[in-house]
Amino acid sequence: MRAVLLGPPGAGKGTQAVKLVEKYGVPQISTGDIFRKNIKEGTELGKKAQEYMNAGELVPDELVVDLVKDRLMQEDCANGYLLDGFPRTIYQAEELDKFLAEQGQKLDAVINFEVGHDELITRLTGRRICKKCGASYHIVNIPPKKEGVCDKCGGELEQRKDDTVETAENRISVYRESTAPLIGYYEKTGALKNFNAERDHEIVFNEIVAEIGE
Ligand code: AP5
Ligand code: MG
Ligand code: ZN
């Protein structure tokens, strides 16, 4: 299965991706996670991406597109993948289409997460991430068993740098301006599937599976 997870910051793309990976056995390709790993490791790419991410702006297309194409050429993507956070601009979507055409492939689904503004802010500012394994929680909605500690590995939970109210607001504006036009783009191709992602994450997951098949 080749699918794109589309939606505003905080809509639950990463949360659903973890469950979909388990269900469908294809890797999650999160450009945000790739950049955060590079920042942590202090690579050249990380240094370039950092200031854009901390400000809630998009990393320039030229730093994103080749990175994703290289990743999709790796062996574990042969039977499909879930793109989480890519494409994010019309240019990125067109580049992905060209790449897929070259490979004789197409997208099976574009899963569009619909969540209102205030709920996005609540989700982003309440999010906590495990320092060690990257697992994601929410202080109220999806809390860990023990406050501040990861259920999966016992690691310490921390807040993402861009999960302040101010940066979250900017990310939502950037989404509206640069990424939301992709909804129309994929509507035309017939791949778009809309989900009301404001409900409980289990309900959202079951609906996605019902829509895209076992
Ligand atoms: P990225 O890491 O992709 O961040 P994002 O799009 O802002 O999305 P988030 O990860 O914040 O939200 P999510 O939808 O994954 O929600 P989650 O499941 O965590 O990108 C970060 C930055 O990298 C960008 O700003 C940009 O600078 C750069 N970048 C990345 N890709 C790029 C690209 N292609 N081009 C250019 N720049 C790029 O859930 C959020 C919270 O809600 C969690 O706490 C979770 O527990 C909770 N939650 C989830 N589902 C539910 C539910 N159903 N009910 C209640 N709570 C829920
Ligand atoms: Mg995410
Ligand atoms: Zn952990």
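Structure above, values below:
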quantity: Positive-end extreme of charge dipole, the chain - chosen from Leu100, Gly12, Thr179 (charges on Cβ); calculated: Gly12
quantity: Value of relative contact order over the chain, rounded to a whole percent, pairs C-alpha under 8 Å and six or more apart; calculated: 30
quantity: CD proxy at 222 nm, helix term only [per DSSP H run n ≥ 4: -39500 (n - 2.57); per residue of the chain; nearest 500]; calculated: -14500 deg cm²/dmol
quantity: Radius 12 Å from Cβ of Gln28, net charge of other residues (Lys, Arg +1; Asp, Glu -1); calculated: 0
quantity: Shape of region 1-91, Cα gyration tensor, a/c cut at 1.5; calculated: prolate
quantity: Spatial extent of region 111-158: Rg and Dmax, with the Cα atoms as the point set, Å; calculated: 11.8, 33
quantity: Among Ile212, Gly46, Val140 the positive-end extreme of the charge dipole of the chain (Cβ point charges); calculated: Val140
quantity: More than 13 Å apart - percent of Cα-Cα pairs taken over region 86-126; calculated: 67
quantity: DSSP bridge pairs, region 77-214: antiparallel proportion in percent, nearest 5; calculated: 55
quantity: For Asp200, net neighbour charge (Lys/Arg +1, Asp/Glu -1) across residues whose Cβ lies under 14 Å away; calculated: -1
quantity: P(r) tail fraction, region 151-214 - alpha-carbon pairs more than 19 Å apart, %; calculated: 62
quantity: FRET efficiency for Ile212 and Leu100, using Cβ-Cβ distance with R0 set to 22 Å, rounded to 0.05; calculated: 0.80
quantity: Translational D in µm²/s for region 91-214 (Stokes-Einstein at 37 °C, 0.692 mPa s, Kirkwood Rh from C-alpha pairs); calculated: 195
quantity: Dipole magnitude (debye, nearest 20) for the chain, charges at Cβ of Lys, Arg, Asp, Glu; calculated: 520
quantity: For the chain, the spread of Cα positions along each principal axis, largest first, Å; calculated: 47, 41, 34
quantity: Principal semi-axes in Å for region 56-135 [√(5λ), Cα gyration tensor, largest first]; calculated: 27, 16, 14
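Taken together, the values in this text are just the output of simple stated rules run on the coordinates, not laboratory data. Just so we're clear, the structure is a prediction, and the values are computed from it rather than from any experiment. Glycine also receives a Cβ, built like all others from the backbone with ideal geometry; neighbour counts cover every protein chain displayed.
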